[in-house]
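A quick write-up on the structure given underneath.
The values are calculated or read from the model by the stated rules, or taken from the named source; none is laboratory data. All figures in this text were calculated on a predicted structure; none of them were measured in a lab. For neighbour counting, all protein chains shown are included, and Cβ atoms are generated from backbone atoms with ideal geometry for every residue, glycine included. Note: areas computed on protein heavy atoms with side chains; ligands, DNA, RNA excluded. Shrake-Rupley method; radii C 1.70, N 1.55, O 1.52, S 1.80 Å.
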Amino acid sequence: MAWDKVTGQAKFAYDIQVSGMLHARVLRSPHANAKILDIDISAAERLPGVRAILTYKNAGKQRWDRQRAVFRDYVRLVGDEVAAVVADTELIAGDALQLIKVKYEALPHVIDLEEALRPDAPKVQPYGNIWQDKPSIYERGDIQKGFNEAEVVIEHTYTTSEQHHACLEMHGCVANWANDQLTVWDSTQGVHLARDLLALTLNLPISKVRVINRHTGGGFGSKNGIKQYHVIAAMLSRETGRPVRLFLNRSEVFMVTSHPTHRPRTRQKIKAGFKNGGTLTAIDYEEYGRGGAWNEGNMRWASRAGDSIKELYKCPNVRSTNYAVHTNLSSPGACRGPGNTETLFALEQFFDEAAVRFNMDPIELRLKNFAEIHPLTSQPYFSNGLKESYEKGSNAFGWKRQKPGSVKDGTKRRGIGMGTVHWHGTSGEPSQALVTVYPEGTVEVNAGIADIGVGAPVILAQIAAEELQVPFDKVRVAYGDSAGTPYTINSSYGSRTTSLAGPAVRMAAADAKQQLIQIAAEVLKVSPADVRLKDGVFITKSDPAKQASFKEVTGRMGWRKRRHLVIGKGKQVDIFGAHFVEVEVDTATGSVRVLRAVLAHDSGRPINALTYESQVQGGFLMGLGMALFEERIIDAETGVQVNADYHGYCCPTALDVPDQVTVIPIETHDLSTNINAKGVGEPPTAGAGGAIANAIYNAIGVRIRDYPITPSKVLQALKAAG
Amino acid sequence: MSSNDEKEKLRISRRAFLRTMGIGAAASTAVATGVLQAPLAESAVPPKVEGLDYVPVELKVNGRRYALTIETRRSLADVLRTELELTGTKIGCNQGECGACTVIIDGRAMYSCLLLAVNVQGKNIETIEGLSRGGRLHPLQSAFIEKDAYQCGWCTPGQIMASKALLDKNKNPTLAEVKTAVSGNICRCAAYNHIFEAVLAAAKKL
Ligand code: FES
Ligand code: FES
C-alpha cells in the first residue's frame, strides 16, 4: 500500500480509465430558487462528440429520494442539477453545457441563518424554515431547580462557520451498467454502503451492484453513501451502453458536493448555573444550525451539536434545544467530528470564561465537574483517560498561565490555552472479516473497508499478525471491493474503522489459530488442549521441548484452504483527550500563529504508533484551520459561494504548521473490544478550536466568540476593547 | 445620495461582479445558461470552440519521447494522465491552487494543470513515475514510507516532486526551506510534520 502511494502507482477512482469510457458533466442552477420554464438542448445535441443529454423532459422518473426526482423542472439552490451531458471527452461535455439554453423564473430565496428565522422570510419548505417545524429537545433533571440553586449564572453565545471537507481527490465515479450488472469505481469511504444505496435508489438487487475502490483521496465524512452524481453516471451509462466517468470540478465540490456538503454554520447559546466554588448546577443550551433547502435526513447534521453538553461534564440538570434551519443552500453533512466539534468550540471557550470568573485554573474547573460515571447512562465508563490526559498533557506542555495580555514583544502577544477533547466511537453493529492461512505460512485478511488514509489496511494486518504471531510482512489485506469482501463496515465514519473492523479480524484470526492448533496437535501427537502458540512456534505445554514451527503446521494443510467467517461485535466507547497550545498574535496585523501544541489523546491502544500520530496531527490541523481561517462564504443576495476554490477557501498549508506538535497517547484499557483500540480519526479536530481561542484570549485579553478567528476579527476586537 | 440608494448601488455592483465571474445572479425573471461558466451567444449552429485544433506534439517525459496528436487546449496534467496513462500526477483542483499536479520541468517544480502540453515541447519533464526503476525507490520515496508522510496519498506525488526539485538544487536544506518548498502543495490530511521529517531524512541519504 505504502509503495503504491509513493511511486504514483496507487489507482484512485479518479484515475480509472475503462475501455470505451465516456465523460459526463452536469449543468447546474445559477439560481437559489427558481422554476424552469424551458430547456433547449438542440444546439448542444448537434455538437460533435456529444452522446446523450438528460433533463427533466427526457430523464424519466428516476427518483433521488422520496421527495424528488433526479431531474426536475424546478431548482432550490445554486448548483442544483438541471441537465447532464455525456460526450467523448470531458472538454466536449463542458462545451456542450454552454450550448444548453435554460429559461428560469427566479423565486424568492433566503440564505442567511438569521434572516431565515424572521417571520416574514420566504418559506423554504411548506411548513416553514424550522426543519420538521420543531426543535429536537433533550432534558434531564429539573432545569429551573438547577438555576434556582445556582449562585453564579454565566451566558455567552458563540458562532461557528461552515467548514468544508475540501478533500484533495474530487468527488465522482465511473459507472458501467452493462449486461444487467452495475459496476461503479467510486471515490468512497465505504464500498458496501455505496453499493446498498445504489441498489436501493436504482431499484436493483444488491447482487447486481458492485462498488470498487482501492484508495480514496480524502473523505472526512463527505464520501459516505451516494450522491446525485452516482445516480446520474449510472443513468448515462444505461442510456449509452458505455462506461461513464462523472467527476465534479473543484468549485462544484465546494458549492454542492451533490449535496450534503459541509459542517453547518451554528449559533450556540450556553447558559450555565454554578455554585460559588465552580460546581455546575444547570446547563441550558440552545443551538441553531444552518441547513439546506430539502426536507431530508441530512438536515439532522444542522442540529447535531450538543452531545458534549449532555455528556462531557457532570451536571444533574441539562436542557439542549436544537433547531435545524432551512435555507436555499445544500444540506450540511458529516464533517470530521460532526456535532462535537461545533459544540466543543463553544463549550471549551465557555469553560475558560467561567474559570476566569471563578479565578480558577481552567483544568481545576474541569476536574471539579469531572463525570465519574457516564452522565447519560449513569453506568461506569468502559474506560476514561480524561484525567490522565489533563495531567500528562499539562506536564509535557509546561502549563502555567500568565495574566492575559502580559506576554509582549513589540506588537506581538503570546498566550496559552487548553481545551478538552470528547468523542464517541464505535456504534455496536456486527462486523465480519475473513482470515485465510496458506500452506506457505502467509496470511490473507479479507475486509470490506476502504483506504481513506487512516492506514486501516496496515492496522488490520498488524492485528492479524499479532493474533497469529506471524511477521507483519507475511500478512496481506484484501479490501476495497464490495464483490470480494465480507460486510466488515458499511462505510468509514465515526472514527470506528479500527475499533469495529479490528475486533472482527482478531476473532477471525483467533478462529484460524484454533484450527492451526488442531493441526499442530496432530503433528505433535498430543491433545489440542496441550498446545499453545508462542512467538510463532507451537509448543506442547506439558513438554515444552516438543515444538512445531508455524510453517511446519501450515505446510500440513496441503491445498485445503481454511476460510473462516466470524462475526465480532463492538460497543460505543467514549474517547477523551486534552489539547494545549501556545499562540502568537500580532496586534498590528491581527494574524494568529499557533507556535506549539501538545495533544494528549485517550484512544485506547495505538495499534500503529506512526499512523496514530499522523491522525492526531492531521486532525488537529483541520481543527486549527476551522478555528482560524476556514469558512464557506456565501453571498446572501445570490446564494453563490464566492470562495469556492482553494485560494479563497484557505486550508492550512505547510507554513501554518506549528513548529512543535507533540502527540501523547494515553493508553487506557478499554473493556469494550478485544483489541483495546477506541478510534482517533475525528476527536483531534473537535479539540482544537477551544484551546486555540482560549490561547488567543490569554494573549490579547479579549474574547472572540465567532469562528474563524480571522485577522480582521482580532483587530476589531482589539479596537472595541480600546 | 441617501444611504438606501447607496445600498442599492452596492447591491447592483455586487450582482454585476458575480455575473462577470460567470456565476448567474438572481433576477426576477432571467434566462441563464450554466452556472460556473460564461454564457455563450445563442446560435443554432454549434460555435467554433477555441482550442479544438489538433496538433502534433512531442513530449519528453522521464527521459522518453512521446509523439502525440492532441487538442491545443489540453493541459500537460491532462495529457500525462489520459494520453500517457501516467496517473501518478494527480489533479486536485485543475486551476493552479493545490499542487497535486506538481512535476519538474527543466529542474523547476511546476503545476502541470496550468501548462498547455503544446508549450512544453522540447523540455525535460519529470513525473513521479520517473523516480523509481526496477523496484528501486528514490531516497525520498523510501523516506516518505518510513516516516508515514502521507495519509490518503492524493497529494503525495506532488509533495515528492516539489521536494525533489528542492533537493536537486540544495542537498542540505533547513526546515524552513523544506516548508517553503512544499508550501504550494496542500495536504488536506495535513501530514505536514511527517512530510518535513521525510524530506530532511532523505536529504541526509543523498
Ligand atoms: S491540480 Fe494543479 S494545482 Fe491543483
Ligand atoms: S495525504 Fe491526503 S492530501 Fe496529503
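Tabulated data
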| item | result |
| --- | --- |
| Overall form of the protein assembly as shown per C-alpha gyration tensor (a/c, 1.5; a/b vs b/c) | rounded |
| Probe 1.4 Å, accessible area per residue of the stretch B:131-206, Å² | 36 Å² |
| The stretch A:373-486 - percent relative contact order, Cα under 8 Å, separation 6 or more | 18 percent |
| Cα pair distances in the stretch B:49-130, grouped into 5 Å bins until the bin that holds the longest one, percent each | 3, 17, 29, 28, 16, 6, 1 |
| Net length gained if the chain between residue A:655 and residue A:42 were fully extended (0.36 nm per residue, minus Cα distance) | 215.6 nm |
| DSSP bridge orientation in the stretch B:49-130 - percent antiparallel, rounded to nearest 5 | 90 percent |
| Cβ-defined net charge surrounding residue A:540, 9 Å radius [Lys, Arg +1; Asp, Glu -1] | +1 |
| Neighbour net charge for residue A:146 - beta-carbon separation under 15 angstrom, K R +1, D E -1 | +1 |
| Contact order normalised by residue count of chain A, Cα under 8 Å, 6+ apart, percent | 15 percent |
| Surface share of carbon and sulfur [accessible, 1.4 angstrom probe, percent] for the stretch B:131-206 | 53 percent |
| Interface burial for A against B (accessible surface, 1.4 Å probe, total of both chains, Å², rounded to 100) | 6600 Å² |
| Alpha carbon centroid spacing (whole Å) that separates the stretch A:318-371 from the stretch B:78-123 | 44 Å |
| Carbon/sulfur fraction of accessible area - the stretch A:469-508, other protein chains in place, 1.4 Å, % | 58 percent |
| Derived scalar couplings ³J(HN,Hα) [the stretch A:441-453; Karplus, 6.51 cos²θ - 1.76 cosθ + 1.60; whole Hz; x for Gly, Pro] | x, 8, 10, 10, 9, 10, 9, x, 10, 10, 9, 9, x |
